Amino acid sequence: MALASLMNDADAVTHIAPKAKRVIYLFMHGGPSQLDLFDHKPGLKKLHGQELPPSVRGDQRLTGMTSGQKSLPVTSSLFDFAQHGQSGAWVSELLPHTAKMVDELCFIRSMHTEAINHDPAVTFLQTGHQQPGRPSFGAWLSYGLGSANRSLPAFVVLTSRGSAARPADPLYARLWGSGFLPSNHQGVAFRSAGDPVLYLSNPAGVDAETRRDQLDVIAALNRRQLAHQHDPEIATRIAQYEMAFRMQSSVPELTAIQNESAATLAAYGPQSLQPGTFAANCLLARRMAEQGVRFIQLYHRGWDQHYNLPSDLRLQCRDVDQPAAALIADLKQRGMLDDTLVVWGGEFGRTTYSQGKLEATNHGRDHHGRCFTMWLAGGGIKPGTVHGETDDFCFNVVRDPVHVHDLNATLLYQLGIDHTKLTYRFQGRDYRLTDVHGSVVRGLIV
């Protein structure tokens, strides 16, 4: 398996017939508020300002930010909801473009996780473990399926800063790392300014021919060292140098989104030509998907609304609503949605109660991992459906729960991979993305 992926052998390992070839993962870093966006709870208006019943919370732990609050007042959404499409899915007024696409989407309202703080929660969703050190989803996919394009990485990462910037929310490179897998499987982060990838351009005075000669000499030395030491990381280094050389030609063409039609640019919104925005990154993701990139990770920061939620959530939704909907429509009209898995969501949701003082037009919400909403589209996912249900307080899952490991098992299944068989032996143990848990959620797939 490892040798096949090092040789960029597309579809190197599949256990079942795949429905999807690639993943575009739209990650809303910070935890979007499910009950302000997708999980409509009109009954909370009658309970607004009242104390959250102890029976609802039970013995669930709270973060250090609200565990000391003397009061946990129920806080209904300030935003209007309406049903859309043939599916009748409820969507907040903050996401009018997404609302038009509901019949292409599968909403999971019953997601849940054990983590209650950002770093372990993001790490858990991305690597299957709350502690750092495990390979990320994209690295596992690169390891299992290899690359479909010899001139581009199998796993690419794009980051955008939200309009409601939360500077305390860090994104660590280990979130797209390869862990104990060979390092050629780690994600390649593209930048929004300067060279898309650091050190990709030749320095002044070095042309392509000189660079080719240099790499040939270095490769010969590395192969000699590999024959002596048999270290797989040396083979990885050789492969990565060659990849970087090919990327010098492929990346500039890939990132030239100004060559898109005026209609396409307009569909993604007014920020589509502004590098580093969510709109530009969504458009770039579609171009990467066309070129065979296996896993495209988009991080959009700024969703940690502990305070000023009514104003900041509007800003965040304005960033992502039109581009995300345009991405779905664009993939569909190009015939790519059928074999592209699109994922939208964050590491957890937000609490029903207010963090801090509940004011008439302002409040915040704390982290909440016991129930949150994500949506999926394409890649054999059942469109126009709503899976799972939460209680009247949007505090607990009451029907069809989907754990983080269940989600990852299902995504791998759609990619043709049995999550129990994609393993890597490290320090005497066979590891996998879903650890020792997880089941494919049949209700999510066609």
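Throughout, read-outs are computed from the coordinates displayed, never taken from laboratory work. Quantities reported herein were computed from a predicted structural model and do not represent experimental measurements. All Cβ positions, glycine included, derive from the backbone under ideal geometry; neighbour counts span all protein chains shown.
Things worth noting here:
- A Förster radius of 41 Å combined with the Cβ-Cβ distance from Ala173 to Lys70 puts the calculated FRET efficiency at roughly 0.55.
- Reach of Lys21 by Cα under 16 Å, taken over lysines that are not fewer than 8 positions away in the same chain: Lys332
- Look at the dipole of the chain built from charges on Cβ: of Ile381, Ser201, Gln229, the Cα furthest out on the positive end belongs to Gln229.
- With each label modelled as a point 7 angstrom along the Cα→C-beta vector, the Lys46-Ile445 pair spans 4.2 nm.
- Correct option for volume of the Cα convex hull per residue in Å³ [calculated from the coordinates] among (1) 164; (2) 144; (3) 127: (2)
- Adding -39500 (n - 2.57) for every DSSP H run of four residues or longer, then dividing by how many residues the chain holds, sets the calculated 222 nm ellipticity at -9500 deg cm²/dmol.
- Taking other C-beta atoms within 10 angstrom as a stand-in for reagent exposure, Asp213, Asp319 fall in the order Asp213, Asp319, fewest first.
- Pair Glu253, Arg425: separation of 7 Å Cα→Cβ label points (nm): 4.2
- Stretching the chain fully between Asp59 and Thr361 yields a gain of 105.7 nm (0.36 nm per residue, less the alpha carbon separation).
- Normalised by 2.2 N^0.38 Å, with N the number of residues, the alpha-carbon radius of gyration of the range 370-446 equals 1.26.
- Percent RCO, i.e. relative contact order, over the range 311-402, from Cα pairs under 8 Å lying at least 6 residues apart: 24
- For the chain, a simple Cβ point-charge model (Lys and Arg +1, Asp and Glu -1, everything else neutral) yields a dipole of about 300 debye relative to the Cα centre.
- Pairwise centroid distance, computed over Cα atoms, of the range 17-69 with the range 199-270, Å: 42
- Charged side chains reduced to their Cβ positions (Lys and Arg at +1, Asp and Glu at -1) give the range 327-425 a dipole of some 180 debye around its Cα centre.
- Measuring between alpha carbons in the structure, the pairs from Lys100/Lys421; Lys46/Lys70; Lys41/Lys357 lying more than 32 angstrom apart are Lys100/Lys421.
- Computed from phi, the 3J(HN,Hα) profile of the range 19-35 under the Karplus parametrisation 6.51, -1.76, 1.60 (θ = phi - 60°) reads 9, 10, 10, 7, 10, 10, 10, 8, 9, 8, 6, x, x, x, 7, 5, 7 Hz, with x in place of Gly and Pro.
- Relative contact order (%) - criterion: Cα under 8 Å, at least six apart; region: the range 159-292: 25
- Think of each Lys and Arg Cβ as +1 and each Asp and Glu Cβ as -1; about the Cα centre, that makes the dipole of the range 5-154 roughly 80 debye.
- Taking a straight line from the alpha carbon of Lys45, these aspartates and glutamates sit under 12 Å away, with near neighbours fewer than eight places off in the same chain left out: Asp80, Asp392.
- Given charges at Cβ of Lys, Arg, Asp, Glu: the chain dipole, positive-most of Gln60, His118, Asn396: Gln60
- Among Gln297, Leu141, Trp90 the positive-end extreme of the charge dipole of the chain (Cβ point charges): Leu141
- Over the chain, relative contact order from alpha-carbon pairs under 8 Å, at least 6 apart, %: 30
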